């Protein structure tokens, strides 16, 4: 079921990389009149628009003008061009060579599903804005956000997606937090730190960040380095390709295993955001190993300890 959306504008967009093979963008979304009030850790859901050039090609193939009326799977009527542009998933098209009518072709298409992006700001700090950190990949939504959507024009269908499993509990403001977010996984932690500073938290903060190269891929470097200079943040970075052997965030965690264990004993909250298939699994294994080594726990005891931390909301993950 399609969620009710607000047609937002992109106020600002710039690339966070410097002479890099990667392209990661910072976007400022205008929430004025949207009624959206988000918490740190929440996401924005976005329905992307397909490439108009692809839609034009499909209309030509179907020998259609675009104003033909068709119905989606819920029986909602749209002009054909509007349906193809905004409501159909065009990543998997029906096979060529069959004599499609506009209606039979559209019935073969799956609906356009929203993409979700962690909000990289605190509402109480930035006001009627939501900041996003978007990596440009081979996908419809990232190209729409980073390249095709015009600035200052209400073309962005968004909705608020609250998070119930990745957030700063009220009691965490008096406790240390450990944030592990390589790549675009750093996004929510920018909001976490804005919120902690806004609330006047005096508790310790520690960030583990990883990317390819320090000179080109250190997202929001000035923000983090200023926090370090102000004594508000401990920072450990793993730039995987700045040395012959590849180094990742879990390696930095291993190097600081004693200190990590000490923070956990002090009641620290652990947050992990980023890639689910590799990074999150490696970080989880590393945490198990640290508990076994530094806490002198058996594998079963370490597993149960992390389970208890999860149940107490002291070990939270937002992985994708």
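The values are calculated or read from the model by the stated rules, or taken from the named source; none is laboratory data. Keep in mind the model is a prediction, meaning the values are calculated, not measured. Every residue, glycine among them, receives a Cβ derived from its backbone with ideal geometry; neighbour counts consider all protein chains shown.
Scanning the range 8-23 for residues being assigned to a loop (DSSP other than H, G, I, E, B) and surrounded by fewer than 18 Cβ atoms within 10 Å (Cβ to Cβ) gives a total of 6. Identification of helices (runs of 4 or more DSSP H) wholly contained in the range 221-269 with 3 or more residues that are out of contact with any strand residue (DSSP E or B) (no Cβ under 6 Å at 6 or more places or on another chain) and farther than 17 Å from residue 283 by Cβ yields 221-229, 257-265. Across the range 24-50, the number of residues qualifying as surrounded by fewer than 16 Cβ atoms within 10 Å (Cβ to Cβ) and either without any contact (Cβ under 8 Å) to a residue 40 or more places away in the chain or within 20 Å of residue 114 (Cα to Cα) (or both) comes to 3. Residues that are surrounded by 12 or more Cβ atoms within 10 Å (Cβ to Cβ) and assigned to a loop (DSSP other than H, G, I, E, B) within the range 68-90 comprise 68, 72, 87, 89, 90, listed in sequence order. If we scan the range 51-66, do we find a residue that is surrounded by 16 or more Cβ atoms within 10 Å (Cβ to Cβ), modelled with pLDDT of 95 or more, in contact with a strand residue (DSSP E or B) (Cβ under 7 Å, 6 or more places away or on another chain) and not assigned by TED's automatic domain parsing to the domain that holds residue 150? Yes: one or more hits. For residue 268, the stated conditions hold: it is more than 25 Å from residue 137 (Cβ to Cβ), crowded, with 17+ Cβ neighbours inside 10 Å and either out of contact with any helix residue (DSSP H, G or I) (no Cβ under 8 Å at 6 or more places or on another chain) or in contact (Cβ under 8 Å) with a residue 60 or more places away in the chain (or both). Among the residues of the range 276-317, the ones that are out of contact with any helix residue (DSSP H, G or I) (no Cβ under 6 Å at 6 or more places or on another chain), closer than 22 Å to residue 212 by Cα and surrounded by 17 or more Cβ atoms within 10 Å (Cβ to Cβ) come to 2 in all.
Scanning the range 129-177 for residues that are free of Cβ contacts under 8 Å to residues at least 60 places away in the same chain and in contact with a helix residue (DSSP H, G or I) (Cβ under 7 Å, 6 or more places away or on another chain) returns a single hit, 173. Every condition in (1) touching a helix residue (DSSP H, G or I) at 6+ places or on another chain (Cβ under 8 Å); (2) under 23 Å from residue 20 (Cβ atoms) holds for residue 251 except the one numbered (1). Might you check whether a residue that is out of contact with any helix residue (DSSP H, G or I) (no Cβ under 7 Å at 6 or more places or on another chain), assigned to a loop (DSSP other than H, G, I, E, B) and modelled with pLDDT under 95 occurs anywhere in the range 24-40? Scanning the range 24-40, I find no residue that is out of contact with any helix residue (DSSP H, G or I) (no Cβ under 7 Å at 6 or more places or on another chain), assigned to a loop (DSSP other than H, G, I, E, B) and modelled with pLDDT under 95, so the answer is no. Of all residues assigned to the range 181-194, at least one qualifies as being assigned by TED's automatic domain parsing to the domain that holds residue 253, under 12 Å from residue 273 (Cβ atoms), assigned to a loop (DSSP other than H, G, I, E, B) and touching a residue at least 60 places away in the same chain (Cβ under 8 Å).
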